[in-house]
Every structure is written in structure tokens, then in C-alpha cells.
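Participant: Sharing a structure with you now.
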Amino acid sequence: MPKTKILIVDDELIMRESLGGWLERDGYEVHKAASGEEALELIRNIRFDVLLVDIKMNGMSGIDLLKEVKSSDPDAAVVMITAYGSISSSIEAMKLGAQDYLLKPFDPNELGVLIEKILESRAKTLENLYLRDQYRERTRFESMIGQSPRMQEIFNLIEDISPIDSTVLITGETGTGKGLAAKAIHTQSPRCEGPFMGINCGAIPEHLMESELFGYQKGAFTDAKENKKGKLELANGGTLFLDEIGEISMRMQIDLLRVLEDRVFYRVGGTQPIESDFRIIAATNMDIETAIKKGQFREDLYYRLNVISFKMPPLRERKEDIPLLAKQFLFRFSQEMNREVNRIDRDTMDEMMLYEWPGNIRELENAVERAVVVCKSDSIIPGDLPIFSPELREQPLSGTLMEVEKEHIRKTLDSNDWNISRSAKALGIDRSTLYSKIKKYGLSGNG
Amino acid sequence: METSIHRYLENIDFALDHNRNQYHSTAVLDRLSSLDLPANSRIVALTEKDLFIPILTHVYGEAELGGVSCIVSSSRLKDDLPAIERDKLLGNRIIKEILHELGHTFHLLHCRDKSCLMHYCRSIRDVDRKVMGMCRYCSILLEDQLKRG
């Protein structure tokens, strides 16, 4: 999970620097703006978890900035900072939707407690979205097919490595089927009778990750009403699949490394060591070696995971598999939706073969699903796949900027199966920004 | 690790803020960092003066994150000392805060583990609650930094 982002808006350099330095030591990612105008420029590209705004500034005042921020993002958490004697402005700010205000200079305790409170309520929203994400993950396609030489190589490799109990690292772009490859390795391994436990490290808020992996003892924290087994324990005798491993925090990297070394761990709040026998398969679309150079990923963990590794090819490098995959999806969706659509016409298939499929198999799957819904005969024609229709492709965008943004976000989420991490990556924004926009536009996975 | 005591600064009056009657810790750090120090060394300043940074009412200490200098004040660490073993407890508090600030010079951030030296103390009770050592995570991260040099 990415770091919490805080924006400090103050026209006094010394205030920005001293507050910024203090928050950085607390582990926050701090951005600074010397004016309201500069802050708005930053907000356009980055979604901040908390904004600390000085009320009295030259140029745009803190109150004016608050109004601007709230009009475009009503959920933004804004804390006003004010000097003694400007209490009336602070009250006005609270009426305009500011979360709270601080009188400067403030006690370090006040700010710490306030930020924690804001982040706690934000975490609850993330948790709800994560649960929905998890549900959708379970309903994803289950098969893995391909006749191309690239896929034949992958199948042979999987056959070779499945019986060996070594850790496997699968790399490859989003939507190339890394999860399916992991499942295939499990199914062909001696552990196939045991469980296959998957966890998407990129979709789980950091505060949930520890208890999700290690489980917890009753009473370990307020909501721990009973003992709960974590994925590590549940994977006993089987395979643990860690998807999007590149997204885990440094702390979790340390914990995982210890588990890989000792095969022993403790539940959160637990004192008894727990042993679990599982094979680890990890996957990532990240360039881990670059992350190591940047100090974002532990080299020792990487070498532990990277005992055997292979890359899943992107769909554009195995285009000969498109017809087979498309027909498989067509068959499944027409059955599921009880629709008599049983073929894809030649022009449509030509278009499909020409397209580069940046979202890979998942994008193809979603395109076919949509086509089955809108198709008016028993055959899918190019018009049923609007993204391939030249007329529609060249049509200028209509609607307000907000409408265009909403539609673009919705399409990206759909083509990424509502996986927040992948969608955020495809959109070039961070996850919290995406969560905020989902909320802002009232988008949901059910249409 | 080699440790030595030097009298680099006669006083920190240059950092005094007359309005607040407190000393600006960042100004002291800037002065310390300009000193010609041996490679890979860290410098810890200890003062009895009350320290502040402009936005906060006070700080127990301050360090340059990933830098060379840090400072700790014993002023507020003297609060609520018990009648017995005062000196021992005060000594422990000072050592804990020095190690905490030194941790920052090795890129360590605040830790959520309340017993870890890198936990950020909001009150003197928090300082007393910390043990004289780092949690497993912070120890590993410190080792990593020491290996990197």
C-alpha cells in the first residue's frame, strides 16, 4: 500500500519546512505548496489523504482554497491551521466542511491524534471497497488456454516446475493470467489435494494485511472478538499465492522474509509459534529490480522468492490465441447470460487480431462479455465491440470534462475487473485518488 | 562504534527565539551540519534548553533524516520525575531520546510499536514506556542502513 500523502499549504517557508520534516519522520509522504494556487495545481494530479491549510495566506486564502477543494472533492480531509486570534475564520472553515482546525503553534500530540482519526475513518472506506474487490476476484475465469508457441513453452515450464517444491515468481503485465499460471502449478503439484490460498497484496489496505496473512488472537485489537486463522495457516499443506507482491510494505517484507526463512510465524497478538507447510508462488507486474535499487523492495526477499521465475507473455505477443480465447469467453458468457450468441463474425475477429490489447486477456474477456450483452443477433459484429468500431473510435469526445473522466474511469475499472490497483496503474493515478473518484462519481461494479 | 565528546558549540544562543523564549532546534542542526566531521560520523548535541520547531509548542529533540546531526533537550525530560532514582530515570530518558534521534539520521522513521525506541513520544509517559532497544523491524532496517554505509 502506498504511503499516506499529506499536503501542507502555507506561504511561510519555515512553517512548511518544520511541519513537513516532523510529518516525514512519522512516515508520511509530504508535499508542500506555498500558495492556494500552487496547491490546486498539485491536487489536480495527486489525491492527498489530508490537507493541512494555513488560513491566512497571501493571494488565495485558506478559506478560498477550502471552498475550491470541497467543490471538486467533498470527501477531502482538510485541516485548517490558524494563528491565535483567527478563531472566527476557523469556525467559518468548519462550516464549509473542514475536518478540524489547529491553533499554531500546536502540541505535537494534537496533530498526531487528529491525523490518526482522519486516517482511521478513511481506512473503513478502503476496507469496504477491498471486500467488494475480493468478491469479484473469486468470480474470475478459471481456465488457461493457448496454442501459441509462447504458451506451449509456458505449459511445458509449468509441467517441469510443478513437482518441485521451490518458490516461484511469475512476472508479466496486468491481465496476462499470472494467477491462472499459479493455480495451474498448484493443480499439477503434489500439493494439489491441499488448499490454494490467494491474496492480492495490492488490494488489501496495509492495516488489514498483517491479520489477513498471519491471523489474530481474540483480543489482539478492538474488533478481534475471536481467534482467526490467517492465509499462512490456512495454506497448510497447499500453496500460498501472493499476487502483486511488489505492493507490500517494508514491514510486511520483513515479516514475509522471516516466514520464508523459518517457516514459523505468530498470529497478531499471539505468543505461540505456528508452523505451516506451504509452497509460495508470488506474482508481480512491477520491475522488482528497479524497486530494489530505489530501496522500495528488499533484495534478500527478492532472492528468496525468485528461486524459479518466468514471465507470462502479453496477449499481443501470442495473437494466434485470440480466436481460441474469444470463443471460450463467448461460450461461457452466452451460457451464463442465457443468450443464443454462438459466433464471432470474421470482420470482428479481424479487428480483434489487429488490436494490441493493452489490458491483455482480461480486457479481451470483458470486451466479449460486453458484446454478448449488446449483441442483437446470434453473431457478434464489430459494432458490438465499440472500441474497435472505426466510426466510434474517431468520434470526438462529448460531454463535460467530468463526464468524460467518469466514463473513462468506469471503462478502465470494467476492463480491469474492478481491481483497484490495476485500474489505478492503467489510469496513471494512485489508488487513493481512484477510490476518491469512484466515490465522487458514484461508480459501482454492478453497472 | 567509536564515541567521543567534543565542545563544538559554546552555547546555542544563536537559536534563541525571544518571543517564545525557546531555542529553535533546526537552527542548531544547521550549525552542527556545517562542521567538518570525519566521514560516516554522527553528531549528537545535548542541551538543557527547551527546544521548538516553529509549528509545534515543543520538541524533545530533532534530527536530520538521513543526515549527520541531531539534538536532544533534557528540559522537558525532567518532568514528573519520581522522588527516588531520579537521576537514573532521567539518564534513561535522555539515552532513549538520543538513540531515537540517532535512528532518524540512519533514515529510520517513527514506529507504531510503543515499546520501540523509534516510537514517537507525545508525552513523558510515552518515553518511560519505551524500552532501551528497537523492535525487530527497526533493528533490521537499521542493520540494512549500516550495511549500506
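Participant: Shape verdict for the range B:13-148, please, from the Cα gyration tensor: rounded (a/c under 1.5), prolate (a/b greater than b/c) or oblate. Walk me through the numbers on the way to the answer.
Facilitator: Working: a/c = 1.79, a/b = 1.05, b/c = 1.71.
Oblate, since a/c reaches 1.5 and b/c is not below a/b.
Participant: Using amide H atoms built in the peptide plane, which far-off residues or other-chain residues are under 5 Å from A:Arg279 H to H?
Facilitator: Close amide H contacts, sequence-distant or interchain: A:Gly238, A:Thr239, A:Leu240.
Participant: If I measure Cβ to Cβ between cysteines in chain B, which ones have no partner under 4.7 Å?
Facilitator: Here B:Cys70, B:Cys121, B:Cys138 come out as lacking a disulfide-compatible partner, given the Cβ-Cβ threshold of under 4.7 Å.
Participant: With 30 Å as the limit, write out which pairs from A:Lys178/A:Lys411; A:Lys70/A:Lys406; A:Lys293/A:Lys319 have Cα-Cα distances beyond it, or answer none.
Facilitator: In this structure, A:Lys293/A:Lys319 lie more than 30 Å apart at Cα.
Participant: Calculated FRET efficiency, A:His408 and B:Glu85, Cβ-Cβ r, R0 45 Å, to nearest 0.05? Walk me through the numbers on the way to the answer.
Facilitator: Working: r = 66 Å, r/R0 = 1.47.
With R0 = 45 Å, the Cβ-Cβ based efficiency is 0.10.
Participant: Do any GluC sites (Glu not before Pro) in the range B:70-116 lie in a loop, going by DSSP, with at most 16 other beta-carbon atoms within 10 Å of their beta carbon, and if so which?
Facilitator: Hits after loop and neighbour filter: B:Glu85.
Participant: Now, a different point. Restricting to bridges with both residues inside the range B:13-148, how much of the DSSP beta-bridge set is antiparallel, in percent to the nearest 5?
Facilitator: On the way: 6 of 14 bridges.
Among the beta bridges of the range B:13-148, antiparallel pairing accounts for roughly 45 percent.
Participant: Calculate one ³J(HN,Hα) per residue across the range A:203-210 by plugging θ = phi - 60° into the Karplus curve 6.51 cos²θ - 1.76 cosθ + 1.60, and present them in order as whole Hz with x for glycine and proline.
Facilitator: 9, 9, x, 3, 5, 8, 4, 4
Participant: Now, a different point. Assuming a ≥ b ≥ c are the square roots of the Cα gyration tensor eigenvalues, decide whether chain A counts as rounded (a/c under 1.5), prolate (otherwise, with a/b larger than b/c) or oblate.
Facilitator: The shape class here is oblate.
Participant: Right, something else. Report, in deg cm²/dmol and to the nearest 500, the calculated mean residue ellipticity at 222 nm for the protein assembly as shown, where each DSSP H run with n ≥ 4 adds -39500 (n - 2.57) and the sum is divided by the residue count.
Facilitator: Computed ellipticity for the protein assembly as shown at 222 nm equals -13500 deg cm²/dmol.
Participant: Which longest uninterrupted range of chain A lacks any trypsin sites (Lys or Arg not before Pro) assigned by DSSP to a loop state (not H, G, I, E or B) and surrounded by at most 11 other Cβ atoms within 10 Å? Before the final figure, lay out each step's value.
Facilitator: Working: sites that count: A:Lys225, A:Lys294, A:Lys376.
That gives A:1-224 as the longest site-free run.
Participant: Can you give me the distance in nm between label points at A:Arg339 and B:Lys78, each placed 7 Å from the Cα along the Cα-to-Cβ direction?
Facilitator: Between A:Arg339 and B:Lys78, the simple spin-label model gives 8.0 nm.
Participant: What does the accessible area per residue of chain A come to in Å², with a 1.4 Å probe and no ligands, DNA or RNA counted?
Facilitator: So chain A comes to 47 Å² accessible per residue, rounded to a whole number.
Participant: I've got another one for you. Quick one: which residues, 5+ away or cross-chain, put their amide H under 5 Å from the amide H of B:His58? H built at 1.01 Å from N.
Facilitator: Answer set, sorted by chain and number: B:Ile53.
Participant: Which of B:Phe52, B:Leu141, B:Cys70 sits farthest toward the positive end of the charge dipole of chain B, with +1 on the Cβ of Lys and Arg and -1 on the Cβ of Asp and Glu?
Facilitator: Final value for the positive-end residue is B:Leu141.
Participant: In sequence order, what are the phi-derived ³J(HN,Hα) couplings for the range B:57-71 according to the Karplus relation 6.51 cos²θ - 1.76 cosθ + 1.60 with θ = phi - 60°, rounded to whole Hz, with x for glycine and proline?
Facilitator: 5, 6, 9, 6, x, 8, 9, 7, 5, x, x, 10, 10, 8, 9
Participant: Hand me the GluC sites (Glu not before Pro) from the range A:178-236 located in a DSSP loop with no more than 11 other Cβ atoms within 10 Å, in residue order please. Display every interim value, and only then the final one.
Facilitator: Details: sites: A:Glu193, A:Glu206, A:Glu210, A:Glu212, A:Glu226, A:Glu233; in loops: A:Glu193, A:Glu226.
When the GluC sites (Glu not before Pro) of the range A:178-236 are filtered for loop state and at most 11 Cβ neighbours within 10 Å, A:Glu193, A:Glu226 remain.
Participant: Quote the FRET efficiency, to the nearest 0.05, computed for B:Asp113 versus A:Arg150 with a Förster distance R0 of 35 Å and r equal to the Cβ-Cβ distance. Intermediate results must be reported in sequence, preceding the final value.
Facilitator: On the way: r = 47 Å, r/R0 = 1.35.
E between B:Asp113 and A:Arg150, to the nearest 0.05, is 0.15.
Participant: Considering only DSSP beta bridges whose two residues both sit in chain A, what percent are antiparallel, to the nearest 5?
Facilitator: Around 10 percent antiparallel, to the nearest 5.
Participant: Additional query: Name the residues whose placed amide hydrogens come within less than 5 Å of the amide hydrogen of A:Ile344, ignoring near sequence neighbours (fewer than 5 apart) on the same chain.
Facilitator: Amide H neighbours of A:Ile344, under 5 Å, 5+ apart: A:Ile380.
Participant: With a ≥ b ≥ c taken as the square roots of the eigenvalues of the C-alpha gyration tensor of the range A:5-122, please select rounded if a/c is under 1.5 and otherwise prolate if a/b is larger than b/c or oblate if it is not? Don't skip to the answer; put the middle values down first.
Facilitator: On the way: a/c = 1.15, a/b = 1.07, b/c = 1.07.
Cα axes put the range A:5-122 in the rounded bin.
Participant: Can you list the lysines whose alpha carbon sits under 19 Å from that of B:Lys96, skipping same-chain ones fewer than 8 residues off?
Facilitator: Excluding near neighbours in sequence, the set is B:Lys49, B:Lys78, B:Lys88, B:Lys114, B:Lys130.
Participant: HN-Hα J couplings of the range A:7-13 from phi, Karplus 6.51/-1.76/1.60, θ = phi - 60°, integer Hz, Gly and Pro as x?
Facilitator: 10, 9, 10, 7, 7, 9, 4
Participant: Which is the longest stretch in chain A that no exposed loop site breaks, taking sites as chymotrypsin sites (Phe, Trp or Tyr not before Pro) with a DSSP loop state and at most 13 other Cβ atoms within 10 Å?
Facilitator: Longest run free of exposed loop sites: A:222-447.
The values are calculated or read from the model by the stated rules, or taken from the named source; none is laboratory data. This one's a predicted model, so the numbers in the text were calculated from it and none came from an experiment. No Cβ is skipped: glycine too gets one built from the backbone with ideal geometry, and neighbour counts run over all protein chains shown. In case anyone asks, the SASA skips ligands and DNA or RNA and just uses the protein heavy atoms, side chains included. Shrake-Rupley method; radii C 1.70, N 1.55, O 1.52, S 1.80 Å.
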